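The values are calculated or read from the model by the stated rules, or taken from the named source; none is laboratory data. Remember, predicted model here, so these are calculated numbers, not experimental data. Positions of Cβ are backbone-derived with ideal geometry, glycine not excepted, and every protein chain shown enters the neighbour counts. Just the protein is used for accessible areas: all its heavy atoms, side chains included, with ligands, DNA and RNA removed. Shrake-Rupley method; radii C 1.70, N 1.55, O 1.52, S 1.80 Å.
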Amino acid sequence: MIASHLLAYFFTELSHDQVQRVDKYLYCMRLSDETLQEVSSLFRKEMEKGLGADSNPTASVKMLPTFVRSTPDGTEKGDFLALDLGGTNFRVLLVRVRNGMRHSVEKHKIYKIPLDIMQGTGDELFDYIVNCISKFLEYIGMKGVSLPLGFTFSFPCHQNRLNEAILLKWTKGFKATGCEGEDVVCLLRDAIRRREEFDLNVVAVVNDTVGTMMSCGFEDPYCEVGLIVGTGSNACYMEEMKNVELVEGDEGRMCINMEWGSFGDNGCLDDIRTEFDVVVDENSLNAGKQRFEKMISGMYLGEIVRNILIRFTERGLLFRGRISERLKTRGIFETKFLSQIESDHLALVQVHSILQRLGLESTCDDRIIVKEVCTVIARRAGQLCGAGMAAVVDKIRENRGMDFLKITVGVDGSLYKFHPHFSSVMHETVKQLSPKCEVTFLQSEDGSGKGAALITAVACRIREAGQH
Ligand code: BGC
């Protein structure tokens, strides 16, 4: 494959031997149709395991019930506050809902979370969050008002009801102490109490996938799946209550936060994990955890590429065998470089300047090889994501006993939005692996934040109806 790609560069001086040596490494990252089919079937099995009460403890895909069952009926209205914590930024939003369907973000602010806060103590993290909320309330002139609040908290949580979320484990760049095993709503309330300045009425805690699905659901009633491919990756979908053994009751449907990032943590993906995946995992904050996520999401793809480049250089396949000090730095090869490199078509000028910034003097051949590495890694990510998604939509189709299913997936996340090829590779894979489904992907605008407010609006409407 690399050989045919390289034909385009007729001026290349890559020898046949060099092409073969490069390809020997990249070969195991080019997934065949059969492998993708296998991954999809394996994922489906893990979904079933996660849903079963007895099998759940050993399932790598935890299939967490979210207690989100109802969708808006159009009578919801009011102002809601939404918090969004999950990446490097914390966002606070004021969302206005009028007649359920019409909603808008009135005001919002983004606050950067410093690394020492992400990885300090839980009290410091929640005090920081409450400080941001305080600044926001002052900015919108609503300091004394206690608005209903929806909290998008994008980490695996065990929920027994909508406004409780026990953090199972941190993922991505977070590791604040004293939070795992605790209800994040209590941690937030404690921090608000410590500040003695305002009160908040936390109505719902939701995952970003759930918020995304919900907000896209307003635009498209077929939207019953949510997908995030950004710093981390995950998906949720509407499951039949009768299949959700962890929650009592058989009527209707409930949204399941699959936490698909941990697919493979029981070793079931070991056949396709490469030495580079293993190194990236071992050097991460949560070794052994989130193995699927580490093969597909933005926080890790750059690291995989960096490790491959180091190995190629050590083997004399790149940069005349000379590794720069900068390339040895963890995290220096950002995932956005993959997007920039793949957008660089003709002269590979961008590739040249990115490598130069990393202290690497490249030849034309070096740049071709680096681009090929980026292509292979992003393509594999798109395919794996597609294999997981194909299993999800096909399960929904079977649940409903349909020969053919039309369904929409609400999507968000930087890799999906900004990489030039990731989304099309994923779409293609879903099409190929689930031919009995017609899947539309709807890009969400601000979904994770708005979605939490909408879920809060529905919960308030139901609560008020119950009081009459
Ligand atoms: C978290 C999920 C989240 C995803 C996308 C993962 O690391 O475990 O809860 O939905 O990232 O933000």
The chain - percent of accessible surface contributed by carbon and sulfur, probe 1.4 Å: 49
Cα gyration tensor, region 196-256 - rounded (a/c under 1.5), prolate or oblate: oblate
Scattering curve values for the chain, log₁₀ I(q)/I(0), Debye with Cα scatterers, q = 0.09, 0.12, 0.13 Å⁻¹: -0.61, -1.04, -1.19
Projected area averaged over orientations for region 406-468, convex hull of C-alpha atoms, nm²: 5.9
Beta bridges per DSSP with both ends in the chain, % antiparallel, nearest 5: 60
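Treat every Asp and Glu Cβ in region 303-379 as -1 and every Lys and Arg Cβ as +1, leave all other atoms uncharged, and give the resulting dipole magnitude about the Cα centre to the nearest 20 debye.
220
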Estimated dipole of region 124-236 in Debye, rounded to 20 [Cβ of Lys and Arg +1, of Asp and Glu -1, Cα centre]: 220
CD proxy at 222 nm, helix term only [per DSSP H run n ≥ 4: -39500 (n - 2.57); per residue of the chain; nearest 500]: -14000 deg cm²/dmol
Efficiency of FRET between residue 35 and residue 343 - r from beta-carbon atoms, R0 41 angstrom, step 0.05: 0.90
Reference-scaled alpha-carbon Rg (2.2 N^0.38 Å with N residues) for region 79-196: 1.06
Inter-centroid distance (Cα atoms) of region 251-302 relative to region 154-212, Å: 22
Å² per residue, accessible surface of the chain at 1.4 Å: 42
